[in-house]
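Colleague: Got a structure for you, questions after.
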Amino acid sequence: MFEGKTVIITGASRGIGRAVALNFAQLKANVVINYNSNEPVNLYGEFDRYNYSYTSVKADISIAGDAERLVSHAKQHFGSVDILINNAGITKDSLIMRMPEKDFCDVININLKGTFNTIKYASSIMLKQRSGVIINISSVSGLTGNAGQANYAASKAGVIGLTKSVARELASRNIRCNAIAPGFIDTSMTSPLSSNIKDSLLKSIPLNRFGTVDDVANACIFLAQNNYITGQVISIDGGMYM
Ligand code: NAP
């Protein structure tokens, strides 16, 4: 389905990004795996086992020079940059009164500025190609706000504004940009939450289950394929936000 297409996935070492990378590889895309601190050696093993086409780049997307190197490596290695999935993200939760300024800035720098950085460099290649797909992973927290997540919710709400601006700016060049707002997905980001918090979260999910990484990966594939959707925020949350 994506034969000959190059997809960059930021934060693909684990969790949602890892699943997105594997799903695109299964559909024959050339996959650029980005990580920052944990080299995903077992993921390379999985790619090698099935002979999937991939390369990997260590890059901190919050640093403009790293984001530029990531994108130019993809272009040099595979010849094009067709799909960019901005998935890398962190949380540093605490109540606003106790939140250190550094924790606010770190989360904004990675989740929001990092997304801007990769879009800036990838879109210059996509503009020359006159085609491209950008998918940004936001969050239900960016839609509703969340106590204890002022930094994270602000970053993810910012990602939505960024998505809509990019969609408007680049639509005339056949570049689409959409966001996905996952609800609660079972990954290392959410596993530290206490069972009390998980129980109360479950009560707020009409479909009565937590999401899987493949639920989000499937939405990425749908958005990459459908060429008449741009500027949208798709909730993958079991009905949490409706
Ligand atoms: P995760 O398991 O904690 O994985 C986060 C990924 O981001 C890792 O691959 C990590 O790489 C990478 N990363 C962190 N900082 C980076 C940086 N500066 N540069 C490049 N990569 C960096 O998280 P997840 O649950 O899969 O979440 C993925 C995305 O979905 C995030 O944007 C998150 O906010 C969003 N989301 C998640 C949920 C959920 O319930 N899980 C809900 C809504 C939205 P290293 O391992 O190398 O550090």
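Colleague: Taking into account only those residues within the stretch 48-68 that are among the polar types (S, T, N, Q) and more than 16 Å from the ligand (Cβ to nearest atom), which is farthest from I90 (Cα to Cα)?
Modeller: First, pick out the residues of the stretch 48-68 that are among the polar types (S, T, N, Q): 51, 53, 55-56, 62.
The next check asks that each one be more than 16 Å from the ligand (Cβ to nearest atom); those that pass are 51, 53.
Details: N51: 31, S53: 28 Å.
Across the stretch 48-68, the extreme among qualifying residues is N51.
Colleague: Out of all the residues in the stretch 85-102, is one or more in a helix (DSSP H, G or I), under 25 Å from G231 (Cα atoms) and not hydroxyl-bearing (S, T, Y)?
Modeller: Initially, the stretch 85-102 is screened for residues in a helix (DSSP H, G or I), giving 96-98, 101-102.
Still in the running and under 25 Å from G231 (Cα atoms): none.
No, the stretch 85-102 contains no residue that is in a helix (DSSP H, G or I), under 25 Å from G231 (Cα atoms) and not hydroxyl-bearing (S, T, Y).
Colleague: While we're here: Would you point out the residue of the stretch 185-210, among those that are under 12 Å from G15 (Cα atoms) and in contact with a strand residue (DSSP E or B) (Cβ under 9 Å, 6 or more places away or on another chain), that is surrounded by the most Cβ atoms within 10 Å (Cβ to Cβ)? If you could, list the steps in order and put the result at the bottom.
Modeller: Narrowing the stretch 185-210 to residues under 12 Å from G15 (Cα atoms): 185-191.
Narrowing the set further to residues that are in contact with a strand residue (DSSP E or B) (Cβ under 9 Å, 6 or more places away or on another chain) leaves 185-186.
Working: I185: 22, D186: 15.
Checked the stretch 185-210; the qualifying residue surrounded by the most Cβ atoms within 10 Å (Cβ to Cβ) is I185.
Colleague: While we're looking at this one, here's another question. Report every pair of residues separated by at least 6 positions or lying on different chains whose Cβ atoms are under 7 Å apart, first residue within the stretch 218-242 and at pLDDT 95 or above, second assigned to a loop (DSSP other than H, G, I, E, B) and of a type in the set (V, I, T).
Modeller: Here the result reads L223/I229; G238/I205; G239/I205; M240/I205, each pair linking the stretch 218-242 to a residue that is assigned to a loop (DSSP other than H, G, I, E, B) and of a type in the set (V, I, T).
Colleague: Examine the stretch 77-84 for a residue that is within 11 Å of the ligand (Cβ to nearest atom), within 18 Å of T10 (Cβ to Cβ) and not in a helix (DSSP H, G or I), and state whether such a residue exists.
Modeller: no
Colleague: Can you find even one residue in the stretch 131-147 that is out of contact with any strand residue (DSSP E or B) (no Cβ under 9 Å at 6 or more places or on another chain), under 30 Å from T6 (Cβ atoms) and at pLDDT 95 or above?
Modeller: There is no residue in the stretch 131-147 that is out of contact with any strand residue (DSSP E or B) (no Cβ under 9 Å at 6 or more places or on another chain), under 30 Å from T6 (Cβ atoms) and at pLDDT 95 or above.
Colleague: Is it the case that some residue within the stretch 122-134 is on the phi > 0 side of the Ramachandran plot and of a type in the set (D, E, K, R)?
Modeller: The answer is yes; a qualifying residue exists.
Colleague: Just give me the residues in the stretch 125-184 being part of a helix (DSSP H, G or I) and either charged (D, E, K, R) or closer than 17 Å to C220 by Cα (or both), in sequence order.
Modeller: K128, V140, K156, V159, I160, T163, K164, A167, R168, E169, R173
Colleague: Right, here's the next one. How many of the residues making up the stretch 22-47 are among the small types (G, A, S), near the ligand (Cβ under 8 Å from one of its atoms) and either touching a helix residue (DSSP H, G or I) at 6+ places or on another chain (Cβ under 8 Å) or in a strand (DSSP E or B) (or both)? Quick ask: steps written out before the conclusion?
Modeller: Start the filter on the stretch 22-47 by keeping residues that are among the small types (G, A, S), which leaves 25, 29, 37, 45.
Cutting the leftovers down to near the ligand (Cβ under 8 Å from one of its atoms) gives us 37.
From the residues that got through so far, the ones that are either touching a helix residue (DSSP H, G or I) at 6+ places or on another chain (Cβ under 8 Å) or in a strand (DSSP E or B) (or both) too are none.
So the count comes out to 0.
Colleague: Which members of the stretch 109-119 meet the condition of being closer than 13 Å to I160 by Cα and in contact with a Ser or Thr (Cβ under 7 Å, 6 or more places away or on another chain)? Walk me through how you get there before you give the answer.
Modeller: Step one: of the stretch 109-119, the residues closer than 13 Å to I160 by Cα are 111-113, 115-116.
Scanning the stretch 109-119 gives N111, L112, K113.
Colleague: Related question: Keeping to the stretch 53-74, report how many residues are crowded, with 20+ Cβ neighbours inside 10 Å and either more than 17 Å from the chain's Cα centre (by Cα) or in a helix (DSSP H, G or I) (or both).
Modeller: 5
Colleague: So which residues in the stretch 4-21 are more than 9 Å from the ligand (Cβ to nearest atom) and either of a type in the set (F, W, Y) or surrounded by fewer than 23 Cβ atoms within 10 Å (Cβ to Cβ) (or both), if there are any at all?
Modeller: G4, K5
Colleague: Considering only the stretch 89-101, I want to know if a residue exists there that is closer than 30 Å to S235 by Cβ, within 13 Å of the ligand (Cβ to nearest atom) and surrounded by 24 or more Cβ atoms within 10 Å (Cβ to Cβ).
Modeller: Yes - at least one qualifying residue is present in the stretch 89-101.
Colleague: Anything in the stretch 159-197 that is of a type outside the set (A, V, I, L, M, F, W, C), within 12 Å of the ligand (Cβ to nearest atom) and within 24 Å of I229 (Cα to Cα)? List them, or say none.
Modeller: Those that are of a type outside the set (A, V, I, L, M, F, W, C), within 12 Å of the ligand (Cβ to nearest atom) and within 24 Å of I229 (Cα to Cα): P182, G183.
The values are calculated or read from the model by the stated rules, or taken from the named source; none is laboratory data. Because the structure is a prediction, the values reported are computed rather than measured. No Cβ is skipped: glycine too gets one built from the backbone with ideal geometry, and neighbour counts run over all protein chains shown.
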